[in-house]
Amino acid sequence: MKILNSPKEAIEFRKALNGSIGFVPTMGALHEGHLSLIEKAISENDFVVVSIFVNPTQFLPGEDLDKYPRRLEADFEICKRAGVDAVFTPTAENMYTKDEVLIKAPKIKGYILEGFNRPGHFDGVLQVVNKLFNIIKPAKAYFGKKDAQQLYLIKQMVKNFFFDIEIVECETKREKDGLALSSRNVYLSDEERKRALSISKALKRAAKLSSKTKNIEEIKKEMLDILDVDELQYIAFVDRDFNYINKIKPGDTIILIAAKVGNTRLIDNIWI
Ligand code: AMP
């Protein structure tokens, strides 16, 4: 397995490859969720490249950029065992220049929900994914439904900028008890982890209820009864294009939650 430390090395590696590339962008601290994307990519492409880059431009001041878990050696081992061909781990210094050309997330869909609570976050995500796509030039790129709004915006960017890349949507991997896997789960104490579980429970309950009622207020009320978090940032009901909806549309609904448990900000969602 090749380790590519700079865009220059990655571009050279890419040029020498003859075949389709499946690409899995990550911020590292890899878990089974990431691994499921990697395995899917391996089954569908000639070569697979994983990037591990804690992208500073998608963190807001005061967020967890400095303490975000970094476990590069363990991540390399996971990738190697899975059969990844190359891991791209650039530094912020060789990915960014000063005063560079910027990408803006769409004014509405990029600034609601996650974009409202983390203004500018998606500008940074799209900036870095744009760079990564141009460096790796994949045929397919793999993203998790766990970050549903991110997935939607990346698909928009691919459309708007005419990238010749297929975006593959991947299911959310969960612990046995339902907690969505996240690199940030390591921040949770035992007590917080128990309460974090109320997020996936509320979503599961909402999914079950939505087969009986399409009434969002009714569903939301039950979700609020279940939730045991410290700060609920949003419960939202949107269609697959991230338009707010006022009743459940089976096959075209995503219910999303963002909440803080202790100091840890968690997101999760369910697709109805
Ligand atoms: P991250 O390292 O958190 O930026 O995530 C990298 C990719 O893995 C993104 O496309 C995420 O949506 C995806 N991902 C994160 N957690 C999960 C999960 N529990 N199940 C499936 N995919 C996930």
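Nothing in this text is a laboratory measurement; each read-out follows from the coordinates by a stated rule. Remember, predicted model here, so these are calculated numbers, not experimental data. Don't worry about glycine lacking a Cβ; one is built from the backbone with ideal geometry, like all the others, and counts go over all protein chains shown.
Annotations for the structure displayed:
- Along segment 205-214 the Karplus relation, 6.51 cos²θ - 1.76 cosθ + 1.60 evaluated at θ = phi - 60°, assigns HN-Hα couplings of 4, 4, 5, 5, 4, 5, 7, 9, 9, 9 Hz to successive residues, with x for each Gly and Pro.
- Seen from a random direction on average, the alpha-carbon convex hull of segment 183-271 projects onto 5.6 square nanometres.
- Label-point separation in nm, Glu191 to Leu60, each point 7 Å along Cα→Cβ: 2.7
- Of the cross-linked pairs Lys145/Lys204; Lys201/Lys221; Lys2/Lys137; Lys2/Lys159; Lys145/Lys221, those separated by over 19 Å at the C-alpha level are Lys2/Lys159; Lys145/Lys221.
- For Cys79, Cys170, order by how many other beta-carbon atoms lie within 10 Å, fewest first: Cys170, Cys79
- Extended-chain gain in nm, criterion 0.36 nm per residue less alpha-carbon gap, Lys176 and Glu217: 11.8 nm
- Simple Cβ-charge dipole of segment 126-272, Lys/Arg +1 and Asp/Glu -1, about Cα centre, in debye nearest 20: 280
- Computed [θ] at 222 nm, deg cm²/dmol, the chain (DSSP H ≥ 4; -39,500 (n - 2.57); rounded to nearest 500): -11500 deg cm²/dmol
- Under 16 Å from a label point set 7 Å out along the Cα-to-Cβ vector of Lys247, the amide N atoms of segment 202-241 belong to 210-220, 238-239.
- Nonlocal amide H pairs with Arg71, under 5 Å, H built at 1.01 Å: Ala29
- Sorted by Cβ density within 10 Å, fewest first, the residues Phe242, Phe59: Phe59, Phe242
- Taking the DSSP bridge list for the chain and keeping only pairs wholly inside it, about 50 percent are antiparallel.
- A compact globular protein would have a Cα radius of gyration near 2.2 N^0.38 Å; the ratio found for segment 60-136 is 1.33.
- Kirkwood radius for segment 2-170, taken over all pairs of different Cα atoms as the inverse mean of 1/r, rounds to 16.2 Å.
- Karplus-based coupling profile of segment 103-114, in residue order and whole Hz: 10, 10, 5, x, 4, 8, 5, x, 10, 9, 6, 4, with θ = phi - 60° in 6.51 cos²θ - 1.76 cosθ + 1.60 and x standing for Gly or Pro.
- Note on Leu72 and Lys15: with the Förster distance fixed at 22 Å, the Cβ-Cβ geometry gives a FRET efficiency of about 0.30.
- Taking amide H positions as modeled 1.01 Å from N, with prolines and chain starts lacking one, the residues under 5 Å from Val261 and 5 or more places away or on another chain are Asp230, Leu266.
- Enclosed volume per residue, in Å³, of the convex hull spanned by Cα atoms of segment 113-259: 130
- Amide H contacts for Lys173 (H built 1.01 Å from N in the peptide plane; partners 5 or more residues away or on another chain; cut-off under 5 Å): Leu181.
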